[in-house]
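Step one of this worksheet: look at the structure below.
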Amino acid sequence: MKLTGVELRRIAMPLVAPFRTSFGTETQRDVLLVRAVTDDAEGWGECVAMAGPLYSSEYVDGAVDVLRRFLVPRLVAGGPFGAHEVAGRLAPVKGHRMAKAALEMAVLDAELRSEGRSFGRELGAVHDRVPCGVSVGIMDSVPELLDAVGGYLDEGYLRIKLKIEPGWDVEPVRAVRERFGDEVLLQVDANTAYTLADAQQLARLDAFDLLLIEQPLDEEDVLGHADLAKLIRTPVCLDESITSARDAAAALRLGACQIVNIKPGRVGGYLEARRIHDVCVAQGVPVWCGGMLETGLGRAANVALAALPGFTLPGDTSASGRYYAGDITEPFVLDDGHLRLPDGPGLGVAPLEDRLAEVTTATEWLPV
Ligand code: OSB
Ligand code: MG
């Protein structure tokens, strides 16, 4: 395809409720959208970088800068290209996977729209809907948490993930088990808040039959996770540590995790995400689709990915209303605990123009 330009668009999306994790509290999502314009189509990408470099080293202003100065110029320098060539053209630029993923997503969407194929079909989806979990932030009190979890279960969510940190781990998990029973699919996510010295405390979670504990230790502490996995019974799942199919394979070989959270933004795009899926399937390792509080654009692609055969656990693919009172696309609505894959070309959804205009804080056109 031949790009005629790329638009970088910043939007500000207020969250329906503050979302607190071990690394901070979000009340509003500052999102960078990438629009790739070609002769016969346009495609949308969503960058999952957050406002500050607290989940990973990437952050929105950094993504804008690297896209403008390095990624877009490199992508177009070699003349016309296909979506499957994007990662190769961008590879000389180190890191910046979230920025690269957004650009590849926009180009892939444009290509698929012009060819009349959906993300699901392109990635290899085998279901037309996916089971959904919900990620529940750290709260000020246990009663507040129980209200939130009860509300989500009433809405039909099929799996609950509790954010944890030192001082907010065993008690909230125990309270949720006592109130809602042993049948609820329950897991926890520490976002790197512990060290190996906390192994005994984390082993106390063994009593609650959790599906998994996500990223207890530092992003770079892969060996620490392998050691921890021998000291606790709860299966270890990696999120932050997995940034490519290669390091997923390494983490599995080292015994650092038994389950993988796949987030396309974190690993440089949907095509690399599929390769991680393939590595895990080949080794019989379950995967699930993580989330980064995406708008309907990223959600559409995540739901398509989550419909691949190896995604055997419910993902953080919640309905639009769990995050935003007004999404920028037609909202994703929970149906019997599931979200349906859009089936139109490309993402199968597009921004609602009025809504997009309301939330836009800046736009920049990069001609090529
Ligand atoms: O660690 O999975 C995470 C949100 C932002 C950054 C990191 C994480 C999360 C979530 C929410 O847990 C996932 C979602 O519902 O999109
Ligand atoms: Mg996580």
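A few comments on the model shown:
- Between Asp65 and Glu7, the simple spin-label model (points 7 angstrom out along Cα→Cβ) gives 2.6 nm.
- Principal-axis tilt of helix 222-231 within the chain, Cα atoms, nearest 10 degrees: 30
- Viscosity 1.567 mPa s, temperature 4 °C, Stokes-Einstein D of the range 1-103 from Kirkwood C-alpha radius, µm²/s: 89
- Sequence-separation-based contact order of the chain, relative, with Cα cut under 8 Å and 6+ spacing, percent: 23
- Compactness relative to 2.2 N^0.38 Å, alpha carbon Rg of the range 241-307: 1.05
- Relative to the 2.2 N^0.38 Å rule of thumb, the range 140-255 has a C-alpha radius of gyration ratio of 1.09.
- Arg179 contributes an accessible area of around 140 Å² to the protein surface, as traced by a 1.4 Å probe with all chains present.
- The charge dipole of the chain, taken about the Cα centre with unit charges on the Cβ atoms of Lys, Arg (+1) and Asp, Glu (-1), comes to about 880 debye, rounded to the nearest 20.
- Cα-based helix-to-principal-axis angle, 170-180 vs the chain, degrees rounded to 10: 90
- Rounded to the nearest 10 degrees, the angle from helix 142-155 to the longest Cα principal axis of the chain is 60 degrees.
- In angstrom, the C-alpha Rg and Dmax of the range 133-200 are 11.9, 38.
- Rg/Rh, computed from the Cα trace of the range 319-368 with Rh as the Kirkwood radius, has the value 1.06.
- Options Val267, Met1, Gly124, ranked by Cα towards positive dipole end of the chain, top entry (Cβ charges): Met1
- What separates the Cα centres of the range 77-145 and the range 200-275 is a distance of 20 Å.
- The apolar share of the surface of the chain, taken as the fraction of accessible area on carbon and sulfur atoms (1.4 Å probe, ligands and nucleic acids excluded), comes to 50 percent.
- Summed side-chain charge close to Asp316 - residues other than Asp316 whose Cβ falls under 13 Å, Lys, Arg +1, Asp, Glu -1: +3
- Distant alpha-carbon pairs in the chain (separation over 35 angstrom), percent: 19
- For the range 168-260, a simple Cβ point-charge model (Lys and Arg +1, Asp and Glu -1, everything else neutral) yields a dipole of about 320 debye relative to the Cα centre.
- For the chain, the solvent-accessible area of protein heavy atoms averages 39 Å² per residue (probe radius 1.4 Å; ligands and nucleic acids excluded).
- Of the residues Pro331, Gly78, Ala101, the one whose Cα sits farthest toward the positive end of the charge dipole of the chain, with +1 on the Cβ of Lys and Arg and -1 on the Cβ of Asp and Glu, is Gly78.
- For the range 269-314, alpha-carbon Rg relative to the globular expectation (2.2 N^0.38 Å, N residues): 1.12
- Charge tally in the Cβ shell below 13 Å around Gly150, where Lys, Arg are +1 and Asp, Glu are -1, Gly150 excluded: -4
- Dividing the helix sum by the residues of the chain, where each DSSP H run of 4 or more adds -39500 (n - 2.57), gives a mean residue ellipticity at 222 nm of -9500 deg cm²/dmol.
- Volume per residue that the Cα convex hull of the range 232-364 spans, once the total is divided by residue count, Å³: 140
The values are calculated or read from the model by the stated rules, or taken from the named source; none is laboratory data. Keep in mind it's a predicted model, so treat the numbers as computed, not measured. Note: ideal-geometry Cβ built from the backbone for every residue, glycine included; neighbour counts use all protein chains shown. Side chains included, ligands, DNA and RNA excluded: accessible areas come from the protein's heavy atoms. Shrake-Rupley method; radii C 1.70, N 1.55, O 1.52, S 1.80 Å.
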